[in-house]
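This report concerns only the one structure given below.
Please treat every number below as a calculation from the coordinates, not as lab data. All values derive from a computational prediction rather than experimental measurement. Methodologically, a virtual Cβ is constructed for each residue, glycine included, from the backbone with ideal geometry; neighbour enumeration extends over all protein chains shown.
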C-alpha cells in the first residue's frame, strides 16, 4: 500500500537558529501517526536537522544534489556527502531548479540514477507552466517530464520513487488547482506508470500535490483518491500551518 506523505520544502529560508526553532516546534506537536513527514532545510543545516529530528519520526531530505559522484564541481553536493550526514531522501526536478538553473530531463535522469545508486529515496517533481495549461498541452508536458527522466528505470527502483506534481502556475501565485484538477492529473500520472510498468506498481507509487497547499484547502485536496499527500512550500515554514496540513491527511 502506498504511503501518505507530507513534505516541507524550506527552500532558501531559515538560519541556524530558525532551523532549530522550527524543528523543535514540529517535534512538540507529537505523533503524526502513519503519515510520512519530511522536511528539507538548506544544505548547510542538514546535519543539524538530522540530529535535532532524531527519534521524532520526522525525516530530513535534501533539496537537490549533483548528478556526478565527485569531481571539480564547485559549490555542488554529491549523494555520498548527503548520506554521510544521515540524509536518505532528496528532492529532484523542482520547478525552480528547472526554471532558474536550467535543469532538464536529461540532467534529471542522471541525478535520479545517481541517487538510486547511493540507495537514496527520490521525491521527483514535475509539472506544467501556465501557457501549457492554457494551450491544453499540460498532459503532454507531464508525460514527457516523467517518461524522459524515469521510464528507463527498472521496476524495482520505483520502491524508492515518490512523485510530486507541481502545476507551476499554482506555486507562489496564490492560485491553486482545484481538487478536481489535481485528481484528474494524478489519475493520469498513475495511468502513465501503469502503462509503462503494471497496475500493482502504479498503485504503490505515492503521488504528492505541490501547488500552494495551505491549511484551508489541504483536507479537500488530500481527500481525492489519487492524491497521496503534498509537497509544501511556504506553509511548511510555520509549525502550526504545517502541522494542520499533516493532520488534514
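The residue of the stretch 1-26 that is nearest to residue 212 (Cα to Cα), among those that are free of Cβ contacts under 8 Å to residues at least 40 places away in the same chain and surrounded by fewer than 16 Cβ atoms within 10 Å (Cβ to Cβ), is 12. The residues listed here are 78, 159; of these, the one that is under 16 Å from the mean Cα position of the chain (by Cα), surrounded by fewer than 19 Cβ atoms within 10 Å (Cβ to Cβ) and either in contact (Cβ under 8 Å) with a residue 40 or more places away in the chain or under 23 Å from residue 46 (Cβ atoms) (or both) is 159.
In this structure, residue 62 does not qualify as touching a strand residue (DSSP E or B) at 6+ places or on another chain (Cβ under 7 Å) and over 17 Å from residue 164 (Cβ atoms).
State all residues of the stretch 110-144 that are within 16 Å of the chain's Cα centre (by Cα) and part of a helix (DSSP H, G or I); if no residue qualifies, say none.
Within the stretch 110-144, 111, 112, 115, 116, 142 qualify.
Among the residues making up the stretch 93-109, those that are touching a residue at least 12 places away in the same chain (Cβ under 8 Å) and not in a helix (DSSP H, G or I) are 93, 94. For the stretch 87-98, does any single residue satisfy the condition of being crowded, with 18+ Cβ neighbours inside 10 Å and more than 15 Å from the chain's Cα centre (by Cα)? Looking through the stretch 87-98, none of the residues is crowded, with 18+ Cβ neighbours inside 10 Å and more than 15 Å from the chain's Cα centre (by Cα). Considering (1) crowded, with 22+ Cβ neighbours inside 10 Å; (2) without any contact (Cβ under 8 Å) to a residue 12 or more places away in the chain, the lone condition that residue 136 does not fulfil carries the number (1).
Filtered by the rule that a residue be more than 14 Å from residue 178 (Cβ to Cβ) and under 14 Å from the mean Cα position of the chain (by Cα), the stretch 206-233 gives 206, 207, 208, 210, 228, 229, 230, 231, 232, 233. Filtering 216, 234 for residues that are surrounded by fewer than 20 Cβ atoms within 10 Å (Cβ to Cβ), without any contact (Cβ under 8 Å) to a residue 12 or more places away in the chain and more than 18 Å from residue 143 (Cβ to Cβ) leaves a single hit, 216. In the set (1) farther than 19 Å from residue 7 by Cβ; (2) touching a helix residue (DSSP H, G or I) at 6+ places or on another chain (Cβ under 8 Å); (3) buried (at least 17 other Cβ atoms within 10 Å of the Cβ), residue 191 fails one condition alone, (3).
Only a single criterion out of (1) closer than 30 Å to residue 84 by Cα; (2) out of contact with any helix residue (DSSP H, G or I) (no Cβ under 8 Å at 6 or more places or on another chain) is not satisfied by residue 149, namely (2).
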